[in-house]
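Undergrad: Below: one structure in structure tokens.
We did not get these values from a lab; they are worked out from the coordinates using the rules stated. Treat the numbers as computed from the prediction; the structure is a model and nothing was measured. Every residue, glycine as well, gets a Cβ built from its backbone with ideal geometry; the counts of neighbours run over all protein chains shown.
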């Protein structure tokens, strides 16, 4: 592409890693690259799956994880520490959800209660009027050691319909936490007996997880159940991210990225408003379908009356970049229908291990994109990556480290041919 | 003719049928098989005439064609040229349904644009004349007469219409929630003494060994959810199983050839909101008439009509059918492509059998088959029919059966007596203020339940947490979920969704299915695990119906829905 976009690249920019995205993979990449000594800039294009998370921290979809509990990838623990606000419990984590199950996880948002070590002990489930929260249905669903407990948790009028995140924000205030602790102690002693822990709806802080503070005040472990998407854990993630990025000096800009292309010795990233950013390496961590990094765009969606000139891939990256999309370790094929593929063949629940859950950028283990030296991918946008929080974090950390290391190496030495005749990378 | 002297296809009499309970509570006058609109309509009519009725439905009420129709009790303008009496009876009965369930009906004005072309002027004259004839029937259903529109009118009324248009007409139809109509008929029947058994499959119908007229038939049925069996003695049997009619005939032991239907699969695509103020008629690529209609909170594209040979309990739309409809409507209303398709639904029409005709040309008429001639006295089949004329069909059956077989000469009253909740329909805004719920929730609640909305809210006023919104898309209050389980025979999350539209909106049950499962399990005193299983089944079933209409925006929602449900409820299998 020859255009005004191909202006000169500042020498300093070649020493910089650009991270496209702002979710957990992008954050891990930015922190890792920064720790490896690179200057880093994060381009925030809006929220995605990380902000919609409900606080469970998984390496694989958890039902698979239960069957095959593998070790943590090397960089995970460090990346989680750098982010802050999350816990990897020794001996695993068990989380209760507002859908009524107790499920395993690798770790958790620190506000969530780990009920694993409490097995057999009496756990209170507070009765309170919050959307979708019915202690009398949840306690028996979670198990015999859970008991519904009458407690005053809501303090002000209207809190019964306040969004999760807003109610959580009110609990950042220490006075409110004191009040809540007092109410919970009152309730527990009124009910009598010994209580090992208290489960509350997702409301324990927006800035930070307040579970620990509350537990200290109450004298029993307190924590949240995992609730609906778009609640307090997502907000806490964003705040943890902002703190961690600020502490490590990562620069930040709001930009929805339109294209990423090579520009002489660097990579140039163009935003939708025409902003341009240069860097020696770029990590694409734009999320999958949820985050908007990938798009399902069958031809018919844009069809007026005429069919497109040729068949095309129905799954595409939402930004322009010279990367190959694939799934199952192979490049994506063009559908032999001008209208696009049959959803029955590629989507859940018709297809098991569906293409829609696997498609993404074909990348190597360290996130590097074959044939595009200096370009990396991490998180849900990567083909065949498990769509799981902790897996995204780990892949972000790997890609960030690798991106920092490749800075300064000449970008023109590797053959651009390799993307065409090389073996596509496969992931475990 | 003495009984037994006619060669009968019925199985031989069953011995040892003595029942423990001699009180006669297991005896009814009429056993109806099928809980669609024909079965529930007939149950209500029989019950209002004082006959004892039992109704068996293998799945849920309105599970088949009745709950998956275009949602109109339209006047059958399509049938005007071929069978004008179908149009007339449809219009007249549409008027009656307005009288007995005013809260359930909403006006859908339609536009029929005609594209410019060599014969457009002639076509417009013909259409104009055609609708002038239809206007004669409109007063029967309080419909407005048609208007002839020029291209400027069309553009003003519906700016989304594209292409060179020669003009068009407007006409007037009524929308209805077919499931609610079935449920209300069943409820009224129950309130007049009928027994209704949903999820209960009839396993056999045998001639009683007693042979007396009071208990001629023994119906054995099994509850498909909990496995319990039900035995009912009935004097008369009605097969009202729609597309299942020949299958049911086999169970009863009457010749299938006498109740042949030509099952015609019809699918609809649901868009996330009302994208037009008018229903819009369009032509599919094969010249068939299809439409886009604003319907309750959503828009609906319909419909296909294809011979169906598959499993009647598992009817699903395919992406092929979805594309056919979207292509056809997009030709005149292209923004249909930009809207998010949030699902599909499919049903199988029980059209009267004919060989060698195109599906669209088949009659929508109905027919009562008297199986007396097949050696099965007092066994009847209701074949064919349309939602709009269900009441008339039921009346015809009861007018025949009640006096002849039971000596009951009570006249039909199904067209004058209001359905449950229709006696007095409260004002939604006032209701919202009285009970402290949002006007939107109140409006939806009053739409579905009429005056019974107050009964639901009264109960909830004593238990304020039941005023919480369980499904925010529709919205559905927790109290309504509990009500349909307690009072409207809902037993699963699917059943609740059918009656309340919970989980059928844009979020696809992501936020409400698990909670609904908890409530149903609580109300039915089942284990929490059973509630979760119901939620998963609902999600799986809806997932199949959504995936076939997958577009760019919905792909994003699907990914989120599955990610959330996997994390909070466990992966559905």
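Undergrad: Shape of the range B:360-408 from its Cα gyration tensor (a ≥ b ≥ c, root eigenvalues): rounded if a/c is under 1.5, otherwise prolate when a/b > b/c, or oblate?
TA: oblate
Undergrad: Can you sort B:147, B:91 so the residue with the fewest Cβ neighbours within 10 Å comes first?
TA: Listing B:147, B:91 from fewest to most nearby Cβ atoms yields B:147, B:91.
Undergrad: Here's something else I'd like to know. Sort B:353-362, B:240-249, A:128-137, B:416-425 by the packing proxy (mean of other Cβ within 10 Å over each peptide's residues), most packed first.
TA: Going from most to least packed, we get B:240-249, A:128-137, B:416-425, B:353-362.
Undergrad: Taking chain A as a Gaussian network, where each spring joins two C-alpha atoms under 10 Å apart, which residue of A:159, A:238, A:90 fluctuates the most?
TA: A:90
Undergrad: Could you sort A:81-89, B:128-136, B:187-195 so that the peptide with the highest average Cβ count within 10 Å comes first and the rest follow in order?
TA: So the order, starting with the most tightly packed, is B:187-195, A:81-89, B:128-136.
Undergrad: From Cα pairs below 8 angstrom and at least 6 apart in sequence, can you work out the relative contact order of chain B, rounded to a whole percent?
TA: 16
Undergrad: Ok, one more. For A:361, B:73, what ranking results if the residue with the fewest other Cβ atoms within 10 Å of its Cβ goes first?
TA: So the ranking, lowest neighbour count to highest, is A:361, B:73.
Undergrad: Using 0.36 nm per residue of separation minus the Cα-Cα distance, give me the extension gain between residue B:132 and residue B:247 in nm, one decimal.
TA: Full-extension gain reported as 37.2 nm.
Undergrad: Rounded if a/c is under 1.5, else prolate if a/b beats b/c, else oblate: with a ≥ b ≥ c from the C-alpha gyration tensor eigenvalues square-rooted, which is the range A:84-228?
TA: It is rounded, given that a/c, with a ≥ b ≥ c, falls under 1.5.
Undergrad: Kindly provide the helix-only [θ] at 222 nm of chain A, computed as the sum of -39,500 (n - 2.57) over DSSP H runs of four or more divided by all residues, to the nearest 500 deg cm²/dmol?
TA: Helices in chain A give a 222 nm mean residue ellipticity of -7500 deg cm²/dmol.
Undergrad: What area, in nm² and to one decimal, does the C-alpha convex hull of the range B:241-326 cast on average over all directions?
TA: 7.1
Undergrad: Oh, and also: Using the Kirkwood radius over Cα pairs, work out the Stokes-Einstein diffusion coefficient for the protein assembly as shown at 37 °C and 0.692 mPa s, in µm²/s as a whole number.
TA: 105
Undergrad: What distance in nm separates the two pseudo spin-label positions at residue A:275 and residue A:252, each 7 Å out from Cα along the beta-carbon direction?
TA: Going from the residue A:275 label point to the residue A:252 one covers 1.2 nm.
Undergrad: Once R0 is set to 25 Å, what does the formula 1/(1 + (r/R0)^6) return for the Cβ-Cβ distance between residue B:458 and residue B:142, expressed as a FRET efficiency to the nearest 0.05?
TA: 0.20
Undergrad: Per-residue mean of other chain beta-carbon atoms within 10 angstrom of the beta-carbon, peptide A:345-352?
TA: Across the residues of A:345-352, the mean count of other-chain Cβ atoms within 10 Å is 6.
Undergrad: Can you pull the mean other chain C-beta count within 10 Å for peptide A:289-297?
TA: That works out to 5 on average.
Undergrad: Between the helical axis of A:174-191 and the dominant principal axis of chain A, each derived from Cα atoms, what acute angle in degrees is found, rounded to the nearest 10?
TA: It works out to around 50 degrees.
Undergrad: Oh, and also: What ranking of A:43, B:467 emerges when the number of other C-beta atoms within 10 Å of each C-beta is taken as an exposure proxy, fewest first?
TA: B:467, A:43
Undergrad: Please label the shape of chain B as rounded, prolate or oblate, based on the square roots a ≥ b ≥ c of the eigenvalues of the alpha-carbon gyration tensor (a/c under 1.5 means rounded; beyond that, a/b larger than b/c means prolate, else oblate).
TA: Verdict is oblate for chain B.
Undergrad: Relative contact order for the range B:380-539: what is it in percent, counting Cα pairs under 8 Å that are at least 6 residues apart?
TA: Computed value for the range B:380-539: 13 percent relative contact order.
Undergrad: Let me ask something additional. At 7 Å along Cα-to-Cβ for each site, give me the label-to-label distance between residue B:309 and residue A:145 in nm.
TA: So the label points at residue B:309 and residue A:145 sit 5.8 nm apart.
Undergrad: Points 7 angstrom from Cα along the Cβ direction at residue B:78 and residue B:231: gap in nanometres?
TA: 4.6
Undergrad: Expressed as a rounded percentage, what relative contact order does chain A have, with Cα pairs under 8 Å and six or more residues apart?
TA: Relative CO of chain A lands at 23 percent.
Undergrad: Let me ask something additional. Return the percentage of antiparallel bridges among DSSP beta bridges fully within the protein assembly as shown, rounded to the nearest 5 %.
TA: The answer is about 65 percent antiparallel.
Undergrad: If you stretched the chain out fully between residue A:265 and residue A:77, how much longer would it get, using 0.36 nm times the residue separation minus the C-alpha to C-alpha distance?
TA: 64.3 nm
Undergrad: In the range B:288-329, which residues have a backbone nitrogen under 15 Å from the label point lying 7 Å from residue B:201's Cα in the Cα-to-Cβ direction?
TA: Once the point is set 7 Å along Cα→Cβ of residue B:201, B:311-315 turn out to lie under 15 Å by backbone N, inside the range B:288-329.
Undergrad: Using the beta-carbon distance between residue A:316 and residue B:286 and R0 = 41 Å, what value does 1/(1 + (r/R0)^6) give for FRET efficiency, to the nearest 0.05?
TA: The value I calculate is 0.80.
Undergrad: For residue A:366 and residue B:360, FRET efficiency with R0 = 41 Å and r from the beta-carbon atoms, rounded to 0.05?
TA: 0.10
Undergrad: Within the range B:407-423, list the residues whose amide N lies under 18 Å from a label point set 7 Å along Cα→Cβ of residue B:191.
TA: From the range B:407-423, the list is B:413-423.
Undergrad: From other protein chains only, count the Cβ atoms within 10 Å of every residue's Cβ in B:533-545, then give the mean.
TA: That average works out to 1.
Undergrad: When chain A is modelled as a GNM with alpha-carbon springs shorter than 10 Å, which of A:297, A:25, A:404 fluctuates the most?
TA: Highest fluctuation of the listed residues: A:297.
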